[in-house]
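Everything on this sheet refers to the single structure shown next.
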Amino acid sequence: MQWFATALLREPSRAAQTAPVIAMVAELLDILRDEHTPDQQAHRALRRAVRWLRVFATESSRPTTRNSSTTDHHVLAISAKDLADAAASRQLATTWLRGTPQAAIRTEPVIGVVAQLHYDLQCSSKGQEAQSRLRHAVRLLEVFVADEEAAPQPR
């Protein structure tokens, strides 16, 4: 999970190919294909997944040129072993899509993001880097509190 947190905060475009993101898509696919899942629950899962995945679909803040080659960038390919070892990623996906946001915040990927952010804020020598990582982390963490804010409060 450390790798996911580091990728998310330093290069969000690379984080899209990490185990937690891939596991979220796999879990969503399972839910949408499951005929026993009520339509309302499937729709809620889709809405939550889209909101969560939107964090990883952002454009890079780095300027691009017309002559830049795609071979200049490293291609990140996650192996089957990496996915098999990422049980925590599937736990996050399952908890987020089928469970509650309150339970999802206690999964390793979310805790890893907070821990990495804590480290980066303490150790970053560049204020802009720390600010950028903070923005990326906050965008992800906002996803986990959005349902709580939208839910009607008991009287």
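The values are calculated or read from the model by the stated rules, or taken from the named source; none is laboratory data. From a predicted model like this one, the values you see are computed outputs, not experimental measurements. Neighbour counts are summed over all protein chains in view; Cβ atoms, including those assigned to glycine, are modelled from backbone coordinates with ideal geometry. Calculation scope for accessible area: heavy atoms of the full protein, side chains included, ligands and nucleic acids excluded. Shrake-Rupley method; radii C 1.70, N 1.55, O 1.52, S 1.80 Å.
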> Ranked by accessible surface with a 1.4 Å probe, highest first, in what order do His118, His136 come?
Replying inline: His118, His136
> Can you give the extra length, in nm with one decimal, that the chain gains between Glu11 and Glu35 once fully stretched, where that is 0.36 nm per residue apart less the Cα-Cα distance?
Replying inline: 4.9 nm
> Using a 1.4 angstrom probe and counting only protein chains, how large is the accessible area of Glu11 in Å², to 10?
Replying inline: 60 Å²
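Give the calculated FRET efficiency between Arg135 and Ile111 to the nearest 0.05, with a Förster radius of 25 Å applied to their Cβ-Cβ distance. Numbers along the way, then the final one.
Numbers: r = 19 Å, r/R0 = 0.78.
After rounding, the FRET efficiency stands at 0.80.
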